[in-house]
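Each remark here refers to the structure printed beneath this line.
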Amino acid sequence: MPRGRHCEIDHLISRELGGADDVDNLWPEPYGTSPWNAKRKDRLENRCITKLCVTHTFTLSAARAAIVHDWRKAYRTYFGRPP
């Protein structure tokens, strides 16, 4: 966690997946000790990008949907429950 900060303003849909720098696509995402934090969402975003661009096993709409509808559910699908 960056010193003195407890959250970051994150894109719900990352720029890599075509997310806009728009207030409707931005939200405060906690660093903290919660299992559902910024680092875990970043890990999921990277997995979606890999499935879209490297292995070609995801469409862009599927990658976006995995994050938008409930990114925690998508995280559990690919990585299991966080510790």
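Taking residue 39 as the anchor, which aspartates and glutamates have their alpha carbon closer than 12 Å to its alpha carbon, excluding any fewer than eight residues away along the same chain?
Straight-distance partners of residue 39: 8, 10, 29.
Between the helical axis of 60-79 and the dominant principal axis of the chain, each derived from Cα atoms, what acute angle in degrees is found, rounded to the nearest 10?
Between helix and principal axis, roughly 60 degrees.
Using R₀ = 35 Å, calculate the FRET efficiency as 1/(1 + (r/R₀)^6) where r is the Cβ-Cβ separation of residue 26 and residue 76; round to 0.05. Mind dumping the intermediate values first?
Values: r = 24 Å, r/R0 = 0.69.
Working from the Cβ atoms, E equals 0.90.
Neighbour counts of other C-beta atoms within 10 Å: give me 67, 49 arranged from fewest to most.
Numbers: 67 20, 49 15.
Listing 67, 49 from fewest to most nearby Cβ atoms yields 49, 67.
Using +1 on the beta carbon of Lys and Arg, -1 on that of Asp and Glu, and nothing else charged, what's the dipole of the chain about the Cα centre, debye to 20?
Working: 14 positive and 10 negative charges, 108 e Å.
About 520 debye.
If amide H atoms are built 1.01 Å from N in the plane of the peptide, which residues on other chains or at least 5 residues away come under 5 Å of the amide H of residue 8?
Here the answer is 29, 31, since their amide H atoms fall under 5 Å of that of residue 8.
From the list [x] -0.34, -0.76, -1.23; [y] -0.30, -0.70, -1.22; [z] -0.38, -0.83, -1.29, can you say which value of log10 I(q)/I(0) by the Debye sum over Cα atoms at q = 0.12, 0.18, 0.24 Å⁻¹ was derived from the structure given?
Correct label, based on the coordinates given: [x].
Using a cut-off of 20 Å between alpha-carbon atoms, which aspartates and glutamates can reach residue 51, once sequence neighbours fewer than 8 places away in the same chain are excluded?
Residue 51 reaches 16, 42, 70.
Please tell me the relative contact order of segment 7-79 in percent, rounded to the nearest whole number, where contacts are Cα pairs under 8 Å and at least six residues apart.
Values: 75 pairs, mean separation 20.5, N = 73.
Relative contact order of segment 7-79: 28 percent.
Helix 38-53: angle to the longest alpha-carbon principal axis of the chain, degrees 0 to 90, nearest 10?
Here the helix axis deviates by roughly 10 degrees.
Taken together, the values in this text are just the output of simple stated rules run on the coordinates, not laboratory data. Everything numeric here is computed off the predicted structure, so don't read it as measured data. Counting neighbours? That spans all protein chains shown, and the Cβs are built from the backbone with ideal geometry, glycine included.
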